[in-house]
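One structure below.
The values are calculated or read from the model by the stated rules, or taken from the named source; none is laboratory data. Everything numeric in this text was worked out from a predicted model, so none of it was measured. All Cβ positions, even for glycine, are placed from backbone atoms using ideal geometry, and neighbour counts span all protein chains on display. To get the accessible areas, we keep the full protein, side chains included, count just its heavy atoms, and leave off ligands, DNA and RNA. Shrake-Rupley method; radii C 1.70, N 1.55, O 1.52, S 1.80 Å.
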Amino acid sequence: MNFIIFIDSKMDINAMKFKLYVLFFLCLSTRLSAQEAKDYKLIAVTESPKIDGELNDDVWQKCAVANGFTQTIPQPGEPSKYVSEVRMCYSNSAIYIAATLFQPKSLTCTQLTARDMLYNVNADIFSVYFDTYNDHQNGFVFKVSSAGVQHDERLSGGDEFGDQNWDAVWTSKVSLHEDKWQIEMEIPFSAIRFAKQDEMKWGINFFRSVRKLNENSYWNKIDTRKQGFLAQTGTLSGLKHITPPVRLFLFPYLTTGFLRQEEAGVNTQHWLRSGGVDVKYGLNESFTLDVTLIPDFSQVISDNLVRNLSPFEQHLDENRPFFTEGTELFNKAAIFYSRRVGGTPSNYYDVKYHYEDTALYKIEKNPNVTTLYNALKISGRNKRNVGIGFFNAVGAPMHATIKNKISGETIKEETEPLSNYNVFVYDKAFKGQSSFNFTNTNVWRNGIARDADVGAFILTKFNKKESGMIKLISKWSVLNTTQYEIGSALGIVLAKTSGKLTFEASADRLSPKFDKSDMGIQFEYNNSNQNLNISYNEDKPKAKHLQLYRINFNHAWAENAVPLIFKYYQVSASYFLLFKNFWDVTFSSESKPFAPNDFYQLGGFGKRLKTYPYWFISIDGSSDSRKKLFWAYNTGYGIALVSEKHTDYTFFNHSIRYRFSSHIDATVRGEMTRDNNNIGYAYYDNAMHEPVVGSRDLREYTGEFSLKYNINPNTNFTARFRHYNSFIRYNAFHTVDQYGEWRNNPVSYQLGHDENYNLQNIDVFFNWMFRPGSRVVLSYKQWLNDAYLLNDKAENSYFTNLHQIVKAPHAYELSLRIIYFLDYNQLKI
């Protein structure tokens, strides 16, 4: 169950303390029966076993056997239906794992996937989890499927799932037999991080899945109702006198290709030629330096852009490897948004707006991505369980070139100044999942452009049974423009984290000038919020066809912090059911019963906007993912709680995946949103000197087709086609009074604001890992040169738009990249 409380500055201090004491006592009062952790004792070997998946080496007969796996599903707490035997040993350079997983061959599923894609696939999986600092918070997981596909992640926050963009170089082999499948793994000590000690004790656990039965089981028993996955590992002992090897890895790369695009009305085409190198260097056994020199991020999948009518920017996923791999330490305080680094120049759209008169100006050059000179990061954790992170990147100054067609003058405008981005993190892990985190980000920009410094302190304290916790949060921001602006944010979280019934209660307050947007992303300003979340989880229901269920209730109250004005009250509930045939469904309901005050739509004009109160219900779920045909859906319907008609909201999202074989699968996804009488900012009226809002009908459609062909565990082909279409139809326009009311303030209808907006992308990638860590990537990307507006074709259907954009001019890029992995330990004589 989860609770969130907001601390009102006017609240009586004694009453506030009493409420906090009561809630904290509830957190501490829960007691779960402790289980004794299993122990596995390693032996050292002088001759390494051959990694071939056959387990023929004599050394395996000398190793202790880890067995006795316990299910988490479908029969939690019961022994695994099939026997598992795991053996381990180590040398001075690596740790070795051998597993024999007994089951009939007829039960073994062998679907191929790309590397690091072993979630929800039709294959059996074996995993080993390492908590190398034995702090219940930070670890590594190495997985291998019965088809031989590798998957690794870096874990943080004590969770079972972590950063799957983190990649290590290690070796594994699988063999299939009539009554079992076997696996051997060699994980170099250079691939993981640990504190050097004469004798080390790590946390460890093993996992196996039998996919056809949907059975998951662990060597050391896992209680899914208890907080902290890594807190429930067994122990690994016997590691002695390990000398960590030199960790120096080089990833030199060469890229060539061809680009054709229309920029500022001119078709350009040129050959792509670039090269660079990524470097990983172990400063000591705990800390690693990552550097990318002359970075090239061209070979990443296209962003899922939309027509954004909100007052906030669209949050975009990070797809650039340097910014996704091993960055969990930098993201703990939620003040670092890596897309700020090397993103779109801040004045890119200003140039397009100021020089939009094509009869007078020709925009010859206006780069939409900021070039980086370099980027580096240092991260790691020492034997005192202190994590240190440092990130730095230097962005080049960017310029647009515009030609005046009348005078012939060439105008050069700076769209982004020379910029330096920094992040520093100090993260101390205490016993029992408690921790302290300090994070600081700062941006320095050349010239008169603004600089920014943002920091955060976070203290998390668990009780002795690790069943309850309190978290205190303090953040600040300092902006240097024409003068210094200082803002602050405070928060508190109280939670009962284990058991069937859990809760979280929290409160936070953002001062009017708190702004983390220079290196973070922010969706709330000048905000005071209280939240309460309660959950009930049952993993052993008595119903015949039910596997498990979860009930969740949430309440939230938000106000403008200064002055204290109501924003919204929201209440929601959900009911999740997983059936024994492994179909699932979730019923949800959400409501803001009182008209919300939106302080963001017209925030730049110092006004608020009163929007519709509403009630929304939805149902989402999916079929059994083991089957060849898999269906996932999410459908919702909402109504405004007013007497006006034509104010409903409908949402559909359906995807169908079909698995043709263990090598090939295809997915079709469609999404539709119909929002009637949406109210939002439309334009600024210069004659009235007033912002104007519009009541409008919105229609959004997305169609996507993707194909995956996995040739073998190291070679795969992926393709994706996406088309997005947004129709905007304005019904009426209004000005807004000081209380945010607009219904009684109509203005004359203005033509020219309706839109038929389209985006389209094609992404095709061929990946071949020809040796561990080394790969060849061939990519083809195609996109519309800009949002394709068909405003003169308001009668178009979605499919008519699709037909017309396929015929429209496109930009495309074909590129080939070769990346080679070099390990100093293999190169030295």
Would you mention how many residues in the range 665-688 are within 29 Å of His646 (Cα to Cα), open to solvent by 80 Å² or more (accessible area, probe 1.4 Å) and within 30 Å of the chain's Cα centre (by Cα)? 1
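Here's the yes/no breakdown for (1) at negative phi; (2) modelled with pLDDT under 95; (3) open to solvent by less than 20 Å² (accessible area, probe 1.4 Å):
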| site | (1), (2), (3) |
| --- | --- |
| Leu28 | yes, yes, no |
| Pro79 | yes, no, no |
| Val86 | yes, no, yes |
| Asn92 | yes, yes, no |
| Ile97 | yes, no, yes |
| Ser127 | yes, no, yes |
Among the residues of the range 796-829, what is the count of those that are open to solvent by less than 20 Å² (accessible area, probe 1.4 Å), within 13 Å of His723 (Cβ to Cβ) and hydrophobic (A, V, I, L, M, F, W, C)? 2
Just a yes or no: is a residue in the range 494-503 open to solvent by 40 Å² or more (accessible area, probe 1.4 Å), under 30 Å from Gln75 (Cβ atoms) and not in a strand (DSSP E or B)? yes
Looking at Ser662, is it crowded, with 18+ Cβ neighbours inside 10 Å, in contact (Cβ under 8 Å) with a residue 40 or more places away in the chain and part of a loop (DSSP other than H, G, I, E, B)? no
Within the range 440-464, which residues are under 27 Å from the mean Cα position of the chain (by Cα), closer than 20 Å to Asp135 by Cα and buried (at least 17 other Cβ atoms within 10 Å of the Cβ)? Ile458, Thr460, Lys461, Phe462
Residue list for the range 232-244, restricted to those being surrounded by fewer than 20 Cβ atoms within 10 Å (Cβ to Cβ) and not hydroxyl-bearing (Ser, Thr, Tyr): Gly238, Lys240, His241, Pro244
Here are some conditions: (1) under 27 Å from Val394 (Cβ atoms); (2) touching a residue at least 12 places away in the same chain (Cβ under 8 Å); (3) out of contact with any strand residue (DSSP E or B) (no Cβ under 6 Å at 6 or more places or on another chain). Tyr349 meets all but one. Which one does it not meet? (2)
Boolean, Asn374 is part of a strand (DSSP E or B), at pLDDT below 95 and not hydrophobic (A, V, I, L, M, F, W, C): yes
Kindly indicate whether Asp198 is surrounded by fewer than 19 Cβ atoms within 10 Å (Cβ to Cβ) and under 24 Å from Ser286 (Cβ atoms). yes
Selection count, the range 356-370, where residues are open to solvent by 20 Å² or more (accessible area, probe 1.4 Å), part of a loop (DSSP other than H, G, I, E, B) and modelled with pLDDT under 90: 7
Anything in the range 607-653 that is farther than 28 Å from Lys212 by Cβ and polar (S, T, N, Q)? List them, or say none. Thr611, Ser618, Thr635, Ser643, Thr647, Thr650, Asn653
Output the residues belonging to the range 605-626 that are closer than 30 Å to Asp515 by Cβ and either free of Cβ contacts under 8 Å to residues at least 60 places away in the same chain or among the polar types (S, T, N, Q) (or both). Gly606, Thr611, Pro613, Tyr614
Quick check: anything in the range 260-268 crowded, with 21+ Cβ neighbours inside 10 Å and either of a type in the set (S, T, N, Q) or touching a residue at least 12 places away in the same chain (Cβ under 8 Å) (or both)? no
I'd like to verify a number: residues in the range 504-538 that are farther than 24 Å from Phe553 by Cα and either part of a strand (DSSP E or B) or open to solvent by 20 Å² or more (accessible area, probe 1.4 Å) (or both), how many? 9
Test each condition in (1) of a type outside the set (A, V, I, L, M); (2) assigned to a loop (DSSP other than H, G, I, E, B); (3) open to solvent by 50 Å² or more (accessible area, probe 1.4 Å) for Gly604 and report the one that comes out false. (2)
If Val65 satisfies every condition in (1) hydrophobic (A, V, I, L, M, F, W, C); (2) more than 29 Å from Gln232 (Cβ to Cβ); (3) without any contact (Cβ under 8 Å) to a residue 60 or more places away in the chain but one, which is the exception? (2)
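Somewhere in the range 569-582, is a residue basic (Lys, Arg), open to solvent by 30 Å² or more (accessible area, probe 1.4 Å) and assigned to a strand (DSSP E or B)?
The initial filter retains those residues of the range 569-582 that are basic (Lys, Arg), namely 580.
Those still in the list that are open to solvent by 30 Å² or more (accessible area, probe 1.4 Å) too: 580.
Subsequent filtering for residues that are assigned to a strand (DSSP E or B) retains none.
For the range 569-582, residues basic (Lys, Arg), open to solvent by 30 Å² or more (accessible area, probe 1.4 Å) and assigned to a strand (DSSP E or B): absent.
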Being more than 23 Å from the chain's Cα centre (by Cα), farther than 21 Å from Tyr337 by Cβ, among the small types (Gly, Ala, Ser) and buried (at least 19 other Cβ atoms within 10 Å of the Cβ), is that true of even one residue in the range 465-474? yes
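Which residue out of Asn678, Asn710 is touching a His at 6+ places or on another chain (Cβ under 6 Å) and in a strand (DSSP E or B)?
Numbers: Asn678 fails: touching a His at 6+ places or on another chain (Cβ under 6 Å).
Of the residues listed, the single one that is touching a His at 6+ places or on another chain (Cβ under 6 Å) and in a strand (DSSP E or B) is Asn710.
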How do the pairs read when you match residues in the range 627-639 that are of a type in the set (D, E, K, R) with residues anywhere that are open to solvent by less than 30 Å² (accessible area, probe 1.4 Å), using Cβ under 7 Å and keeping only pairs 6 or more apart or on different chains? Lys628/Arg659
Going by the structure shown, is Asp648 closer than 30 Å to Tyr612 by Cβ, out of contact with any Cys (no Cβ under 7 Å at 6 or more places or on another chain), of a type in the set (Asp, Glu) and in contact (Cβ under 8 Å) with a residue 40 or more places away in the chain? no
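Looking only at residues in the range 589-601 that are assigned to a strand (DSSP E or B) and open to solvent by less than 30 Å² (accessible area, probe 1.4 Å), which one is farthest from Tyr739 (Cα to Cα)? Before the answer, list the steps.
From the range 589-601, those assigned to a strand (DSSP E or B) are 589-592, 597-598; that's our starting set.
Adding the requirement that they be open to solvent by less than 30 Å² (accessible area, probe 1.4 Å) leaves 591, 597.
Numbers: Ser591: 22, Asn597: 9 Å.
Among them, the one singled out is Ser591.
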Looking at the range 624-642, which of the residues that are part of a loop (DSSP other than H, G, I, E, B) and in contact with a Pro (Cβ under 8 Å, 6 or more places away or on another chain) is farthest from Thr110 (Cα to Cα)? Val642
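Can you say whether Phe770 is closer than 30 Å to Asp823 by Cβ, surrounded by fewer than 16 Cβ atoms within 10 Å (Cβ to Cβ) and out of contact with any helix residue (DSSP H, G or I) (no Cβ under 6 Å at 6 or more places or on another chain), as far as the supplied structure shows?
Values: closer than 30 Å to Asp823 by Cβ: yes; surrounded by fewer than 16 Cβ atoms within 10 Å (Cβ to Cβ): yes; out of contact with any helix residue (DSSP H, G or I) (no Cβ under 6 Å at 6 or more places or on another chain): yes.
Here the answer is yes, as Phe770 does meet what is asked.
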Could you pull out the residue among Val454, Val425 that is of a type in the set (A, V, I, L, M), over 27 Å from Gly228 (Cα atoms) and assigned to a strand (DSSP E or B)? Val454
